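In what follows, a single structure is set out as structure tokens and then discussed.
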Amino acid sequence: MRTVDMPSSGAVLALLLALAPSTSAFYFPGVAPTSYKPGETVPLYVNHLTPADSQNDPKLRSVFSFDYYHPPFHFCPPEEGPRYIRESLGSILFGDRIQTSPFQLKMIKNETCKAVCREQTFSNRDAVFVNNRIYQGYDLNWLVDGLPAAQLLKDPDSDQPFYSPGFALGRVDGNTAVLNNHYNIVIDYHEASKDNYRVVGVLVEPYSMKDSKFVDVGRAECGSAENPAVLAEDEDTTLTYTYSVYWIKSPTPFATRWDKYLHVYDPKIHWFSLVNSAVIVTFLIGMVSTILVKTLRKDIARYNRLDQFALEDFGANGSAEDGVAEDSGWKLVHGDVFRPPKNPLFLSIMLGNGAQIFMMAGLTIAFALLGFLSPSSRGALSTVIIIFYMIFGFIGGYVSSRVYKFFHGESWKLCFFYTPVALPGLVFASFFLLNLFVWGRGASGAVPFTTMLILVIIWFIISVPLSLAGSWVGFKQPVIDTPTRTNQIPRQIPPAGGYLRPLPSMALAGVLPFGAIFVELYFIMNSIWFSKVYYMFGFLFICYGLMIMTSAAVTVLMIYFLLCAENYHWQWRSFCTAGASAFYVFASALLYWVKDVSFGSWTSGVLYLGYSLLLSLLFFVLTGTIGFFASWMFVIKIYRSIKVD
Ligand SMILES: *[C@@H]1O[C@H](CO)[C@@H](O)[C@H](O)[C@H]1NC(C)=O
């Protein structure tokens, strides 16, 4: 009998190979193409300003984003006033604020040096504000026909040019901040059919020109880029924002226009780390399963033989002492191993929520991997995350109920109530508090109050009832059978030392699941803080799988040693052992701070730490749940295979 079924190394490698082609960018076009006639207006929308890294200064200096029409920037609004463009919930939550702009782009009509609006006067306070944003490396984010305006960068390894969304607000010349007030907008167009043109790429080359002069509505005389515009911090400065538009014919069809944006930085690193962790994981799992299968088989055979001897002895001598004296290890705790843990309610709630996150994360990544989350539908990823999270409230309730019943819980009302409220409430409250900081800073990246309200409302209308329904269904199910009966009196636990103490065991076990994901984690952090498109879902999918397997394998091994040491408190222990990888995740966020971040204000730091803590907490619950259920199956399986009278 194989006690523990683990995928063999061959299966893992086959999986890797099967997924290999999809690790690069793949997506469905998502939106129907828009065609424009020559001379027709192509809308240019403006999004918030975000902190970015540049090639000479790769450090993150702020986490706040600013509304495009934040007054100190003096960007020209359209005459009738800016208007918000409708967006998905996810895209608003993650900071997008898309508005209309006064830029006039006419399909295949080249134009040079147009004024965006009349000259703008910067007071010294505005100048200080804008200069600070330039020092912090802020980027402008525009959208033309749904495509982000990009900078043309070259991959330092392959020398391949690619489009990096966003372009600089200004640059630092020596020690002075220079504001870009002229934009060369270069648009790639594709001729779909006669007189039907489509936008397939947008580049913006920003320049700084001190001497540009406003002439008439829409007309200007551009100065020279030799003489850059510097905002004086001790007097008023007057500047004119100007732009030129160039249309360039491109062979790229609409369907593949995103390809050049979804550039994978250094794919070698991903592959290297992936193969690396796959090898480690396969090795680990191989080791765990051989140790376990071998020793367990021996254990089980011994126990069952002892059983027989004990019976025969009993018949012959009237004493079973000999047989029992040799009995040792995990069998001894058979009368306690299914004794409910301390705080069963709390653990059940955590496990319910963990199952919910597990399903959400897995399905989201799978969805993205299959190409359903097109980058052209902005915020699709975050919206899908929210929807899945809400829907899987059902699973959360069901799991927490069944586990609670298994633990012989009594406070059913509390279990029903806290499962959909405790963790989401905590997450939402922290999110709300952190958002208060953004409000306090006057940065406009704060999530609007109405969006928060909508979130709370759909949570109460969809997630909470689903969770209650799940809890009810789980509650109606019979108690999960245990293979051994629990004794009346709890057994004494002999003291254990070394790696079996809680902290060392957590520190030891937690590092392995973290090892499976840390490279991908670094890229995800980069894309969150620098608002970049993350599009390596193939890698992420494999990493998620590897993380699950490592968490499960390493926790099962720990719990086996724990039971052998006759300690039957495996429930919380398995949860915390696997969850410990969250401490490594948090530590890596701190390391990222030391290495890649240099904040000018403490509020940025609070925000960064707050979100990192929140993320680590969710990760703790997720991995802890994986560890618990793996151990649960393991424990039930091994105690089912021995005979106990
Ligand atoms: C616009 O200008 C660019 C660059 O000067 C040129 O390559 C392109 O052919 C022009 N397009 C049209 C439609 O005139």
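Tabulated results
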| item | result |
| --- | --- |
| Residues that are under 36 Å from the mean Cα position of the chain (by Cα), open to solvent by less than 90 Å² (accessible area, probe 1.4 Å) and farther than 19 Å from Arg640 by Cα, drawn from region 471-490 | Ser471, Val473, Gly474, Phe475, Gln477 |
| Meets criteria (within 34 Å of the chain's Cα centre (by Cα) and modelled with pLDDT of 90 or more) for Val199 | yes |
| Identity of the residue in region 495-536, loosely packed, with under 12 Cβ neighbours inside 10 Å and modelled with pLDDT under 85, that ends up farthest from Val333 (Cα to Cα) | Gly498 |
| Candidates Val116, Val144, Val130 - the one that is among the aliphatic types (A, V, I, L, M) and touching a Cys at 6+ places or on another chain (Cβ under 6 Å) | Val116 |
| Odd one out for Thr450 among (1) exposed (fewer than 13 other Cβ atoms within 10 Å of the Cβ); (2) hydroxyl-bearing (Ser, Thr, Tyr); (3) touching a residue at least 24 places away in the same chain (Cβ under 8 Å) | (3) |
| Unmet criterion (only one of (1) assigned by TED's automatic domain parsing to the domain that holds Val554; (2) at pLDDT 80 or above) for Val279 | (1) |
| Long-range neighbours under 8 Å by Cβ, at least six apart or interchain, first residue open to solvent by 30 Å² or more (accessible area, probe 1.4 Å) within region 107-125, second of a type in the set (Gly, Ala, Ser) and away from the ligand (no atom under 16 Å from the Cβ) | Lys114/Gly218; Lys114/Ala220; Asn124/Ala232 |
| Residues satisfying the stated conditions in region 408-442, i.e. touching a Leu at 6+ places or on another chain (Cβ under 7 Å) and not in a helix (DSSP H, G or I) | Gly409, Ser411 |
| Residue under evaluation Tyr522, criteria (1) over 12 Å from the mean Cα position of the chain (by Cα); (2) under 21 Å from Leu622 (Cα atoms); (3) hydroxyl-bearing (Ser, Thr, Tyr), criterion not met | (1) |
| Asp173 being over 32 Å from the mean Cα position of the chain (by Cα), in contact (Cβ under 8 Å) with a residue 12 or more places away in the chain and within 16 Å of the ligand (Cβ to nearest atom) | no |
| Residue match in region 147-157 (condition: open to solvent by less than 30 Å² (accessible area, probe 1.4 Å), assigned by TED's automatic domain parsing to the domain that holds Tyr189 and over 25 Å from Pro253 (Cβ atoms)) | no |
| Meets criteria (within 30 Å of Phe66 (Cβ to Cβ), surrounded by fewer than 20 Cβ atoms within 10 Å (Cβ to Cβ) and of a type in the set (A, V, I, L, M, F, W, C)) for Leu414 | no |
| Residue that is outside any strand (DSSP E or B), within 16 Å of the ligand (Cβ to nearest atom) and more than 20 Å from Leu105 (Cα to Cα), where the choices are Pro228, Pro251 | Pro251 |
| Residue within region 228-249 that is over 30 Å from Asp195 (Cβ atoms), in contact with an Asp or Glu (Cβ under 6 Å, 6 or more places away or on another chain) and open to solvent by less than 80 Å² (accessible area, probe 1.4 Å) present | yes |
| Selection count where residues are closer than 23 Å to Lys532 by Cβ and assigned to a strand (DSSP E or B), scope region 95-139 | 3 |
| Residue list for region 95-119, restricted to those being aliphatic (A, V, I, L, M), more than 16 Å from the ligand (Cβ to nearest atom) and over 22 Å from Gly166 (Cβ atoms) | Ala115 |
| Matching residues in region 134-146 - criterion: being over 25 Å from the mean Cα position of the chain (by Cα) and open to solvent by less than 20 Å² (accessible area, probe 1.4 Å) | Ile134, Val144 |
| Residue within region 84-97 that is surrounded by 18 or more Cβ atoms within 10 Å (Cβ to Cβ) and at positive phi present | yes |
| The lone exception for Gly223 - which of (1) part of a loop (DSSP other than H, G, I, E, B); (2) within 16 Å of the ligand (Cβ to nearest atom) it fails | (2) |
| Inter-residue pairs, beta-carbon under 8 Å, first more than 14 Å from Ser400 (Cβ to Cβ) and in region 458-473, second at pLDDT 90 or above, 6+ apart | Ile458/Met390; Trp459/Met390; Trp459/Pro424; Trp459/Phe428; Ile462/Met390; Ile462/Ile391; Ile462/Gly393 |
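The values are calculated or read from the model by the stated rules, or taken from the named source; none is laboratory data. Nothing here was measured: the structure is a model prediction, and the numbers come from that model. Don't worry about glycine lacking a Cβ; one is built from the backbone with ideal geometry, like all the others, and counts go over all protein chains shown. The protein model used for the area step is the full one, side chains on, heavy atoms only, and it has no ligands, DNA or RNA in it. Shrake-Rupley method; radii C 1.70, N 1.55, O 1.52, S 1.80 Å.
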